[in-house]
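Below: the structure, in structure tokens.
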Amino acid sequence: MPFSEKGAVLVRLDGRIAFANTYFCKLVGIPHSQVAGMSCFDFVFPEDLDLAKQVFEINNALKAEPFSFRLRRIDGAPAWADIQCAAIKTASGKVYAVNATVTRACRVEGAELVSNASPDIRFGKSSTENRTRAEGSNNVTA
């Protein structure tokens, strides 16, 4: 079976990971056998934690706008990712988890952290546009 180029992460409302596929585990540098039960916030830099919690709450509220985010690999290195979330609901409409699709994003040289970017460029724009506008440059590198 070919290696998926999209990460899939199922996160319970308490922030704990119920499932993550191999792509996500490779992106954040953790063995697949260890990811279940970890907090999704374990992969966030301390200075981005408040923003990450805000984004998680927004996605719980069914406002599933795509966004770019700097994840923290288990070795401490950054990994830019494009993330699209969707709330998972019971038959009665109650949200019980968030499903995130995660892909590796291009990085803009010298780009500001997403947490330092203004809210209008964090959500609702393409990830490349978010990082390019944060930097004020069109110089995107892989």
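Brief remarks follow.
- Picking from residues in the range 1-42 that are out of contact with any Ser or Thr (no Cβ under 8 Å at 6 or more places or on another chain) and of a type in the set (K, R), the one that is surrounded by the most Cβ atoms within 10 Å (Cβ to Cβ) is K26.
- For the range 65-99, residues that are of a type in the set (F, W, Y) and closer than 23 Å to Q34 by Cβ total 2.
Coordinate-derived values only; no laboratory data. Nothing here was measured: the structure is a model prediction, and the numbers come from that model. Cβ coordinates were reconstructed from backbone atoms using ideal geometry, including for glycine residues, and neighbour counts include every protein chain displayed.
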